[in-house]
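J.: Would you mind keeping the following structure in view while I ask a few things?
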């Protein structure tokens, strides 16, 4: 066992030791949970010509739940998604409850930035070039879920997803494409890219209109879905979000079983922000889904 120490300035965490658990390389981290340690491991998944980096957080064996769930949490790049406040609130909640969490970089973010640009601009450029980053993300998610299950770190019926803003859209798209996702929480999500300034020049194109989440409502019907957004979010569009949820509620009306949809338009979050209490509530929503 080799002892290593290194600062992680963006989160205040520090590396404590390197260890080997079940034949896999793990790092023991002094974590976000009141000094509680947790394990972290990186691995890669090959997707066509791209190698996708994945990071997993897990409680140590003594704190691991008997039947641990896996949370896939997304914001931008995988490190921000797992350790950047407030995006990682669900991660902290799941680790504290004895469950695992994982993430990977969104297209055009982190290690996936290329000459076509970064962030939402880069996602738009890829889409217009015929490389749909949202279909790609859903495929990435399915491949990562396959890998996590194969490695014994996830179980097909115990997987949930969460995401914020652009990653909220991606998380809902992944849930729509992947029946192994039991529940999803989206915080101030993009639901229609025509609202965003990065898509302003192409918002009248038919293919951009078809990206709106209302076209994926039937695939989400009957799933446990939590969505919260401020009542005047001009960045991603409160009205667009409400339209999507209306379509989803309509699809729920034709599906068997009781609706598990929670939609909150909150009045204490300014602009494209969301008060932490609503993130807490979304985290608890996912934990409740896990407890069922």
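The values are calculated or read from the model by the stated rules, or taken from the named source; none is laboratory data. Nothing here was measured: the structure is a model prediction, and the numbers come from that model. Every residue, glycine as well, gets a Cβ built from its backbone with ideal geometry; the counts of neighbours run over all protein chains shown.
J.: Pairs, please: C-beta under 6 Å, at least 6 apart or cross-chain, first residue over 30 Å from residue 68 (Cα atoms) and in segment 173-199, second modelled with pLDDT of 95 or more and buried (at least 24 other Cβ atoms within 10 Å of the Cβ)?
T.: 191/213; 191/241; 191/244; 199/193
J.: Do the conditions hold for residue 80, that is, is it in a helix (DSSP H, G or I) and under 13 Å from the mean Cα position of the chain (by Cα)?
T.: It is true that residue 80 is in a helix (DSSP H, G or I) and under 13 Å from the mean Cα position of the chain (by Cα).
J.: Still on this structure, I have one more. Kindly indicate the residue of segment 131-172 that is outside any helix (DSSP H, G or I) and free of Cβ contacts under 8 Å to residues at least 24 places away in the same chain and also surrounded by the most Cβ atoms within 10 Å (Cβ to Cβ) among those meeting that condition.
T.: 132
J.: Among the residues of segment 42-73 satisfying the criterion of being modelled with pLDDT under 95 and in a strand (DSSP E or B), which is farthest from residue 185 (Cα to Cα)?
T.: Taking the candidates together, the pick is 50.
J.: Does segment 15-31 include one or more residues that are modelled with pLDDT of 60 or more, touching a strand residue (DSSP E or B) at 6+ places or on another chain (Cβ under 9 Å) and surrounded by fewer than 16 Cβ atoms within 10 Å (Cβ to Cβ)?
T.: Looking for residues that are modelled with pLDDT of 60 or more, touching a strand residue (DSSP E or B) at 6+ places or on another chain (Cβ under 9 Å) and surrounded by fewer than 16 Cβ atoms within 10 Å (Cβ to Cβ), one finds none in segment 15-31, hence no.
J.: Further question: If you go through segment 83-96 one residue at a time, how many are under 13 Å from residue 280 (Cβ atoms) and over 12 Å from the mean Cα position of the chain (by Cα)?
T.: 6
J.: If the requirement is being surrounded by fewer than 17 Cβ atoms within 10 Å (Cβ to Cβ), in contact (Cβ under 8 Å) with a residue 40 or more places away in the chain and out of contact with any helix residue (DSSP H, G or I) (no Cβ under 8 Å at 6 or more places or on another chain), which of these qualifies: 271, 253?
T.: Within the list 271, 253, the selection yields 271.
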